[in-house]
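One structure below.
Every number here is computed from the coordinates shown, using simple stated rules; none is lab data. Keep in mind the model is a prediction, meaning the values are calculated, not measured. Cβ sites come from the backbone with ideal geometry, for glycine too, and all protein chains shown count toward neighbours.
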Ligand code: 26Q
């Protein structure tokens, strides 16, 4: 686990080489004679890691000395992807490393791609956390991330015979980016019971949670470098192990070896694996254990740091802002209340006001099936004291509501944290709202829906100011400069350098060049080169040739019915049927297309897996159809992840963001695609709406029903006669007749539309979807107009940087300020 101690600040190519070689020969104990790409990666990573450690230590010392208010971002997911390229960019010595590696006989791209992704997340929410860490460091905010150090990240996806197969992602073999802190260990309790007694000296009732099972949390720290700043923040990930070391020596000595090993494994299970569900609540005991383990360890750490300052408890919210990334860390609310009341002896009301002023809660969904609930009996068993505290929080809250709205008693049942079902359930989102001072959604439409649907009563109770919006963003460092260096450099050539990567609103100056012939040509060449790169990747991995001159139409994201990959593939089938009916001459006039899909289905999400199967089945038939040739290709890219997104995103002409209106909270890949010079087809949902406002509606292809009409349409499916779109009926007929093999296995997918109420409005939106794709075909035919749209759109994307989000959170929610990294050396 120790990879050498030196921390040399190389600044030249030769010094870099010396450092990398030293690490290869000593830290890795390998000879330079058999230095392969893996060793060259390790040497380079370790050399840059040394540089990061220096900045990291300085930053932490500086923050300790200045002791400003800090932000703690609690997220069960951090979808970081690769670290080396980002470290090189932020340290600022990538060119030197490139020359050094070339001396050693390596190409930078090959070395960078040796690194495995850190894939501790499912999708949007986890990647958002990673972008936020990048922005917080780049803007010099004193901020820490807290998460879990999963031994297995999101599974690796293989497609075998058209079906998804999950492979475990054991990613910790060689991870130079983490530092174990064996001295930072916290004992976490589960189960047990609560004993209450009267303290004679104070006359107060005291609760003691005892006789539980203890698991130890060990900290692993990951440095988070900022771009062009000395600030290097910290991401602290907790790993679980049995308390008291390897195994219980008492049990061991008394001959119970097996059970002592079993205890150890049980403890380690807590941080073993990331739950692979995205936007679905599946309440398993182990998941709740993960949540508490991580919340309790993080809060212990935060409180310990606060206590070092010797400030009064009432100062806590002036020193600490904790942001809850969805409801996953909601147990932090009763946990802080427990620490303040049971351990530190504060009065309930004083403690509660500290709690409320400390937390902010970000909501990422309004879909009922995704709202977290935990059963009361499970909480009673696992966290008996927390359940009592939750009941007390609820009692106080309901009494307040009753006093304030005496005439609206029916509201009490609606807003209670406890759902009176069988068994009773704790509604985590309500607890998060009640325990926070601000609640935000992640795009304007979504925040409106938050206010008018799931938290309607709470807006009445607390007033509208508690509920706000922070539209999501993405880091332009990774998603423009790293993923698309040529586009970044082209922009830099016009803007006099790369300053726009720190202030993305500067992109608006690009619009001046929209009619500049040379600029347009270069812009087009870059897009083409990125498509060639993706085409090569498709050829290398799947053996399918695609024409880079065709229109690349891409939908990559988690597979989910609400995201409607089924609408896309039904549209593709419709296109195929249309092409088949044409004469060869007619077919030649059609804009050739490559429809590209990618994304993982939750392993237990059967319908999502059916969608993957259908896409692959269609690809198999269409791609082999000689008559069709380049006019249509259908590709399913295996194992979509962050590093693949960096290749895919810059290569799109059109990308698809086609969720049923009102279901996608924001979306963030929509932003990545437009920033990289692609256009989008989308519904009026999530951030698509604000993207439209920014880039102009002539530069986006919107279609479909509006969120405000969804409820009525669903109602009509059941109570009026269901009308199946004619073109969609033809698609279903082809599927049923076995055009794509094995008709049986697609029955459920078809029936979800025809027989089960078409909950996601596929039929309602099909016609306008197909018509809009016709407009896209036409628009692509006149390349001049197309390029104008793309350049205009890029130049208007400045708003969607995660730097803007972080400044908004800092000002509206956290009340924190940047800390100059140079103040104390
Ligand atoms: C909940 C309970 C049990 C197990 C797992 C979960 C769980 C895990 C992950 C629930 C939800 C998630 C992830 C949600 C997510 O990624 N949401 C996305 O967040 C993005 C960032 O705000 C938005 O852009 C997307 O619209 C939203 O879907």
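Residue separation of residue 414 and residue 201 scaled by 0.36 nm, minus their Cα-Cα distance, works out to 72.5 nm of gained length. Projected label points at residue 258 and residue 172, each 7 Å from Cα along the beta carbon direction, are separated by 2.6 nanometres. Hydrodynamic analysis of the chain uses the Kirkwood radius over alpha carbon pairs. Inserted into Stokes-Einstein at 4 °C and 1.567 mPa s, it gives a translational diffusion coefficient of 46 µm²/s. Between residue 744 and residue 185, the FRET efficiency from the beta-carbon distance, with R0 = 51 Å, is close to 0.40.
Between residue 759 and residue 193, the contour length at 0.36 nm per residue exceeds the Cα-Cα span by 199.3 nm.
When the helix-only estimate is applied to the chain (DSSP H runs of n ≥ 4, each -39,500 (n - 2.57), divided by the residue count), what is the mean residue ellipticity at 222 nm, nearest 500 deg cm²/dmol?
Details: 32 runs with 371 residues, N = 825.
Estimated from H runs of four or more residues: -14000 deg cm²/dmol.
Hey, any idea what the orientation-averaged projected area of the convex hull of the range 549-794's Cα atoms comes to, in nm²?
Working: hull surface 51.5 nm².
One quarter of the hull surface, i.e. the mean projection, equals 12.9 nm².
Can you tell me the FRET efficiency between residue 311 and residue 282 if r is taken as the Cβ-Cβ distance and R0 is 56 Å, rounded to the nearest 0.05? Calculated value: 0.85.
Working value for the range 448-549: equivalent-ellipsoid semi-axes of 40, 23, 12 Å, each the square root of 5 times a Cα gyration tensor eigenvalue, largest first. Between residue 782 and residue 208, the modelled label-to-label distance comes to 8.2 nm, taking each label 7 Å out from Cα in the direction of the beta carbon.
Multiply the residue gap between residue 32 and residue 581 by 0.36 nm, knock off their C-alpha separation, and tell me the result in nm, one decimal place. Show your work: numbers first, answer last.
Numbers: separation 549, 0.36 × 549 = 197.64 nm, distance 6.16 nm.
Fully extending the segment from residue 32 to residue 581 adds 191.5 nm.
The residue 545 and residue 591 beta-carbon pair, evaluated with R₀ = 25 Å, returns a calculated FRET efficiency of approximately 0.85.
Annotation for the range 349-382 versus the range 773-825: alpha-carbon center distance of 32 Å. Modelled this way, with points 7 Å down the Cα-to-C-beta line, the labels at residue 400 and residue 486 are 5.8 nm from one another. Remark: C-alpha extents of the range 381-466 on the principal axes read 40, 32, 25 Å, sorted largest to smallest. Taking N as the residue count of the range 571-659, its C-alpha radius of gyration divided by 2.2 N^0.38 Å amounts to 1.20. A convex hull fitted to the Cα coordinates of the range 608-718 yields 155 cubic angstrom per residue. Equivalent ellipsoid of the range 99-245: semi-axes from √(5λ) of the C-alpha gyration tensor, largest first, are 40, 23, 16 Å.
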